[in-house]
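Report on the following structure.
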Amino acid sequence: MDTLIQDIRYGVRMLLKSPSVSIVATIALALGIGANTAIFSVVNAVLLRPLPFPNSEALTSVYKSSKDGRVLRGSYSYPDFFDLRTQNNIFERVTCYHDSDFILTQRGEPVRLTGVVSTADLLPLLGVAPMLGRGFVPEEDKPSSSRVVVLSQSAFEKYFGADPNILNQPITIDGKPFTVVGVMPSGFQFPIQNDPIDLWTTIAGDATGKEPVTEQRGAHFLRVIGRLKPGVTERQAQADVDTIAKRLEQQYPDTNTRRGFYVEQTLRSMVADIRPALLILLGAVSFVLLIACANVANLLLARAMSRYKEMAIRSALGASRWRVIRQLLIESVLLSVVGGAIGLLLAVWWSDLLIALGKQNIPRAVQVGLDWRVLLYTLIVSVGTGVLFGLAPAFHSSSKTGLSESLKEGGRSASSGAAKNRLRASLVVSEVAVAVVLLVGAGLLIKSLWLLHTVNPGLDPTNILTFNIALPEVKYRSEQQSRFFGDLKTRLQSVPGVQSVSSVYPLPLSGDRFTISFQIDGRPVAPKDEPSGDVFVVDPGYFKTMGIAVRQGRDFNERDQHKSPQVVIVNETFARLHFPNEDIIGKRIRPGISTFEDEETPLREIVGVVGDVKNRALSTAPQAAYYLPQTQVPFSQMIMVVKTIGDPHGMVKPATKEVAAMDADLPVFGVKTMEEYISQSVSTPRFNTTLLSIFAAVALVLTVVGLYGVMSYAVAQRTNEIGIRMALGAQTRDVLALIIKQGFQLVLLGLAIGLLSAFALMKIISGLLFGVTTKDPFTFVAVTVVLTFIALLACYVPARRATRVDPLEALRYE
């Protein structure tokens with residue numbers, strides 16, 4: 001222990017004796033370790049940290065699946081769930097839920113609350129009890145005049161002043177009385193998401209009405225989660241639900257044909273979309289750290305030349321090779337630990353930056369931070385890095401080759417120097433190869449993102465403001481809903497600066513969608529074989545306001561009312577798939593949707609064909625879609641779309657004022673411009689591209705610095721040779737060619753290895769690309785040209801300096 005402490009003290013003194021080398025090495029390591037720690041903190045929070053519920057590994061999500069293996073998330077119906085709950089043999093408890101918006105009134109300004117509708121056993125299943133009051137009881141799932149609600153702590157404090165007397169008191173939500181029965185503890189969140197949930201309520205509301213949704217087996221919109229019984233494996237669970245799915249397929253062929261069940265651990269299913277990108281980014285920063293290690297190893301190898309005599313004397317005085325290696329490794333580990341400490345500070349800032357860039361795309365982003373896993377990871381990486389880059393200099397410096405030569409005045413070991421030069425050259429080649437892989441990956445993502453930005457969404461998002469209005473159904477019945485949105489449209493059109501107004505539900509590129517089956521008149525098929533399409537309910541003038549081209553026929557107009565002939569408009573993909581080479585105008589379909597009670601779904605005449613819109617995402621092909629007039633299919637919630645002459649943000653206050661003038665209990669929420677929705681649709685690829693591009697840029701800088709350092713050292717080593725050559729008549733261009741050739745050989749070898757590696761490895765990121773293949777020739781050529789040019793500059797500067805060597809001074813060198 002005493003000798004170890006002595007070695008540490010000596011190591012600190014030696015690092016302080018070479019401050020320039022120590023500072024440069026520390027900065028390189030801090031960048032590499034800091035980037036690794038920042039990404040790992042995200043990986044830890046998202047992929048590794050268990051869900052904040054007791055025995056969370058037993059929580060399992062259950063989805064519907066198609067026969068081709070696609071997982072259909074959010075695709076359960078209530079009757080299917082009830083059958084799963086009663087027939088399964090694997091779950092202690094199982095519950096279903098769906099998101100919903102609620103409007104809180106009669107407590108000041110009306111506010112929109114985000115909520116979850118679930119069966120009564122949700123909280124017992126999760127193993128969390130309210131901090132005040134109680135949870136739900138099974139009887140509260142049944143239709144009742146008094147519904148119950150459990151509040152989040154934040155909503156309890158924000159909207160009710162943290163008044164405990166609110167328990168068992170009625171509040172007005174969506175125009176209906178709800179009784180507050182409990183308040184959840186701080187930090188409770190379900191579903192796990194970045195946006196807070198304000199309240200939880202039971203399915204009693206869904207169980208009311210003449211045709212309650214709880215009895216509609218074809219209404220698929222629920223998510224299901226269960227807690228497995230002790231000892232039940234995921235494979236056993238899958239086998240059990242497969243049996244139930246086959247039974248339901250036989251009993252209900254109209255709705256369950258070609259539909260299976262799929263179980264997956266809840267944490268794994270929650271992060272399924274982001275997991276590949278995070279692991280790729282973690283691999284990328286590991287490459288950056290390897291380049292930093294290679295740079296520091298080169299620095300230490302250069303410094304080792306000046307300490308070769310010191311090591312030789314230590315060996316001559318009896319120091320074992322292990323003692324010499326230990327001394328040098330202690331110095332390198334000290335460097336990496338200091339770099340790791342600085343990197344940890346950088347990681348705190350970088351983590352905040354990562355969350356700011358990817359909060360919309362990273363589940364549990366708000367939980368990213370430092371914990372024992374992150375600190376342990378940083379320590380392991382720091383120590384491991386110190387050993388990694390310190391091994392080569394330590395073994396070379398401890399070599400006894402050339403010991404007698406080293407003890408001579410001015411003596412050097414030529415063989416050892418040559419070995420060190422080969423090692424330094426190998427490190428540079430490795431840096432170039434790794435940089436090529438990162439640059440190719442970044443290049444492919446950049447091109448993919450550029451192609452996404454050039455995609456025509458099928459609409460014109462310029463100067464369009466959107467906002468949501470939700471009408472309480474107890475106050476506004478079907479025809480009243482249509483009348484309200486029609487009157488609001490008229491009022492908004494009279495506001496100065498407004499070009500046109502309409503409404504739609506759901507909004508393209510918002511993440512919401514309806515897919516509903518339909519029948520084609522004259523083509524009878526079994527219900528299980530009915531085609532389906534994305535459905536949009538719109539007001540007249542929607543296509544004009546959104547800049548969607550009408551290809552055939554007409555738009556909806558004011559004559560398309562409830563008692564008028566029922567009409568529908570389809571998109572080009574719909575027409576091409578279902579009426580190829582036919583005149584589609586006048587054809588009729590029967591969509592499986594109607595919002596008027598006591599009415600069957602009517603046949604609708606196709607009166608128009610509009611251009612395709614990228615409704616789901618810019619990266620996906622347009623789907624068959626049809627549009628229904630809001631006057632014939634009224635919805636209680638619509639998104640107003642307002643086309644303005646100038647900045648659409650300036651229309652927020654006038655629009656809010658007009659809504660309040662019509663109904664003071666209606667809040668305006670979800671205010672965004674259409675351009676913000678377009679930007680949001682590419683936020684995930686933009687996040688991936690930005691981070692990988694930053695890592696590739698850092699790798700390129702470190703690689704160029706490493707190449708420059710090697711070439712500068714080579715010039716210093718060959719000063720005597722260069723002087724003799726110039727004294728014998730060598731020209732400037734000859735010296736330039738000599739030095740640049742030496743560096744360029746390393747670059748070419750690194751390029752060759754890097755391009756081959758990139759060619760093989762890029763398939764890893766294929767799932768992140770759009771419109772570009774992993775073998776895109778433009779990207780590979782561009783990376784080769786850019787890296788070659790920058791590398792030549794890094795070689796040219798030392799080579800230019802070599803041409804200025806004074807032959808007389810060079811001949812006196814050493």
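The values are calculated or read from the model by the stated rules, or taken from the named source; none is laboratory data. Note that this is a predicted model, so its numbers are computed, not measured. With ideal geometry, Cβ positions are generated from the backbone for all residues, glycine too; neighbour counts draw on all protein chains shown. Side chains are part of the model used for accessible areas, which takes the heavy atoms of the whole protein and leaves out ligands, DNA and RNA. Shrake-Rupley method; radii C 1.70, N 1.55, O 1.52, S 1.80 Å.
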Of all accessible heavy-atom area on the chain, the percent that carbon and sulfur account for (1.4 Å): 58
Separation in nanometres of the label points that stand 7 Å from Cα toward Cβ, at Val111 and Ile380: 4.4
The chain: relative contact order as a whole-number percent, Cα under 8 Å and 6+ apart: 16
Selection from Ile569, Tyr476, Gly547 lying farthest towards where the dipole of the chain points positive, charges on Cβ: Gly547
Size of the range 642-792 as Cα extents on the principal axes (Å, biggest first): 96, 33, 23
Protection proxy ranking, peptides 427-434, 273-280, 696-703, average beta carbon neighbours within 10 Å, highest first: 427-434, 696-703, 273-280
Accessible area per residue in Å² at 1.4 Å probe, computed on the range 593-692: 37
Packing-based ranking, highest mean first, of 30-41, 114-125 given that Cβ atoms within 10 Å are counted: 30-41, 114-125
Heavy-atom accessible area ranking, 1.4 Å probe, most first, across Ile694, Ile103, Ile516: Ile694, Ile516, Ile103
Length released on extending from Thr490 to Val12, taking residue separation times 0.36 nm less the Cα-Cα span: 164.3 nm
Residue-level accessible surface for Trp350, protein heavy atoms, 1.4 Å, Å²: 50
Phe53 accessible area, assembled protein chains, probe 1.4 Å, Å²: 20
Förster radius 51 Å - calculated FRET efficiency between Thr208 and Trp372 (Cβ-Cβ, nearest 0.05): 0.55
Difference of contour (0.36 nm per residue) and Cα-Cα distance, Lys142 to Phe221: 26.5 nm
C-alpha long axis of helix 372-397 to longest principal axis of the chain, angle in °: 20
Cα-only Debye scattering, the range 91-136: base-10 log of I(q)/I(0) at q = 0.14, 0.16, 0.24, 0.26 Å⁻¹: -0.48, -0.60, -0.93, -0.98
Positive-end extreme of charge dipole, the chain - chosen from Leu618, Ser118, Val213 (charges on Cβ): Leu618
On Cα atoms only, tilt of 478-493 relative to the major axis of the chain in degrees: 60
Heavy-atom accessible area per residue - the range 507-583, 1.4 Å, Å²: 50
Å² of accessible area per residue within the range 75-225, as computed with a 1.4 Å probe and no ligands counted: 41
Ala660-Gln480 pseudo-label distance in nm [points 7 Å out on the Cα-to-Cβ vector]: 2.3
Lys, Arg +1 and Asp, Glu -1 on Cβ, resulting dipole of the range 162-304 about Cα centre, debye, nearest 20: 560
Cα gyration tensor category, rounded, prolate or oblate, for the range 129-220 with a/c compared to 1.5: prolate
With Cα atoms, 0 to 90° folded angle of helix 777-802 axis to the chain main axis: 30
Which labelled figure in [x] 37.4; [y] 44.2; [z] 35.2 is mean projected area of the Cα convex hull in nm², once derived from the coordinates: [y]
Leading residue at positive end of dipole, the chain (Cβ point charges), from Thr774, Pro143, Tyr677: Thr774
Across Lys489/Lys643; Lys158/Lys672; Lys475/Lys672; Lys643/Lys672; Lys544/Lys614; Lys359/Lys653, pairs whose alpha-carbon gap is larger than 19 Å: Lys158/Lys672; Lys475/Lys672; Lys359/Lys653
Counting DSSP beta bridges with both ends in the range 108-199, the antiparallel % (nearest 5): 55
Gain upon complete extension [Tyr796, Ile5; 0.36 nm per residue less C-alpha separation]: 280.3 nm
Rounded FRET efficiency, nearest 0.05, which uses the C-beta distance separating Val348 from Val785 and R0 of 30 Å: 0.20
Magnitude of the charge dipole, the chain, Cβ model with Lys/Arg +1 and Asp/Glu -1, debye to 20: 3620
